Structures are given as structure tokens and as C-alpha cells.
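Below: the structure, in C-alpha cells.
Read-outs throughout are calculated quantities, based only on the coordinates presented, and are distinct from any laboratory measurement. What you are looking at is a predicted structure, and each value in this text was computed from that prediction instead of being measured. Using ideal geometry, Cβ is built from the backbone for each residue, glycine included, and neighbour counts are taken over all protein chains shown.
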Amino acid sequence: MSIIQPQTGFVAFFDIMGYKQIILNNDIHRTAQIVSDTLINIPSSIIDNVSHVTQSAASSDLDYWQSTLSRIDWLIFSDSILISLPFDPELEFKHMLQSYAVFAMVCSTLLNKSFAAGLPLRGGISVGEFFVEERCFAGKPIISALRAAQDLEMCGCILDEEASNFISLLRKDVVKSGDQNMLTMLDQTTILYIPPTKEDTQERHRMINWVLLNIEGFPQFDGSIRDYVTSAFLRHNKIVLPSVLPKIDNTEMFVRHVLTNLELKPWSMNDINS
């Protein structure tokens, strides 16, 4: 019997909003096609996008970027997606930033592409010790990420306390170093926001920015924001029940907040290594 070896790293849990409606309102062939076109194919599409972005990295560090991407593990079951990226807690600072940058871009691109495909996601991110092997998984970060996701009343992804504190410490070190490029990366990939939750705590949290990001192939919002958001919740024959209307409103407000307040500044993956 093999010994279970826990790992330390980032964990993200996502579920599809309105998935039951898709199953109920489409025949099995149409449902299978939706799943095949999105859930099955989207991981490789996202990795290709992020991999292309990392091509700008210095050749001496390109292998590290690619190895980081290769360590990302995807576990898709029913309407849920579990993503993990283990890292060595003793990593030097620049490599820790690389791991975070890759993981944040993967999560952001997943949210954006899924939304554009009519599959709004809600998610949570945590960090700590966990275990994932094939279809088995365990660890407090996974439970924490799941709970954070299920508490959201909008399409989006919230960082739990552990992950938020982790990023805050990274940011303090970046500020001390005076690295404006990395400060831009951190402030573009997560933003502070008061997300609507079931507990209605009205507290500010770090949220993944999935609306507007400097990544090639990243779908952009165009035209009416209201129509774009509503169509994502209505596509695939989903019926918007009265209980879903607030989630549409909340998602629209988040999108408007990002588009209104986020100044999209360029940042380079290559400069992470300097």
C-alpha cells in the first residue's frame, strides 16, 4: 500500500451555475455536446493560452514556466471543477510569484471562457496542504475553497482568508522591492471587492479578475453589458428562476465595477524573472 504524500499549493474549486437547468431542458445528446465543447476541451484551451503568454519569458526561465503549467492538475466531475497547483513552500520569491501568476491566469481564463460559453462559474481559492490522486482528494484548502464558492451569490471567484493573506504577504514583499511590474500583475489578477454572499457579511475580499486581463485570446466584453451577462445565464435553454435574478444583477455590477475602475496596465512575464 502506497503512502499518501500531501502537497502544499493553490487549490481552486468551481461549480457551474444553472447546471441542473441545462440537464432538465436539453436532451442527452445536446447536453453531452455542451459538456464536450466546454468542460472537456476548455482545460487544454486555457493551458494553450497561458502557455502562449509565457513565451515572452526569458529563455533561461521558459522551462520553469512550462513545468509550472504541467503541474496544474484538473479534476472535473459532474458540474464541478477542482484545479490544483502544488509548489515547494521553500521556493525562492520570484518562483513563488511565477506559480501564483500562472495559477491566477488559469483561473481567470477559465471563468472568462466559461462565461462566454454560457456557463457562469462561481469559485473559491485557498492555499495549504492537500492530497489529490485520480478521483480522490482531501485537505482543508479544498473544503475551504468549496465553501467559499458556494457562499457566492454571483459569477466569480473569491479568495478565502488563507489565500488572501498569502497574496497580501507577496504584495508587501513586492512593494518593498519596488518592482512595479509585479505590483501591476498582482493588482490586475485580483481586486478588492465586496461580493454578495449568502451570509451577507459585506466585507471586502480579494476576487479573481476574470473580466479584463492582458492575456492574448482573452474574450472581451463588447456591446451591452446587461445583455452579455443575461445571455450567459440564459444560454443552453436555461430558465432564469426568480431566485437567479439577483445573481445576474450581482454579476453585472461586478463586471461594471471592473470595467469602470480597473486601469488595465501592461505587465510582462519576462520581468518576473529579473
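Overview of values
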item	result
Whichever residue in the range 8-28 is surrounded by fewer than 19 Cβ atoms within 10 Å (Cβ to Cβ) and farther than 22 Å from ASP151 by Cβ and, among such residues, is nearest to the chain's Cα centre (by Cα)	THR8
Boolean, GLU162 is under 19 Å from PRO6 (Cα atoms) and touching a residue at least 24 places away in the same chain (Cβ under 8 Å)	yes
Condition broken by GLY118, with the remaining ones in (1) on the phi > 0 side of the Ramachandran plot; (2) surrounded by fewer than 13 Cβ atoms within 10 Å (Cβ to Cβ) satisfied	(2)
Count of the range 186-223 residues which are touching a strand residue (DSSP E or B) at 6+ places or on another chain (Cβ under 8 Å), among the β-branched types (Val, Ile, Thr) and either in a loop (DSSP other than H, G, I, E, B) or buried (at least 22 other Cβ atoms within 10 Å of the Cβ) (or both)	4
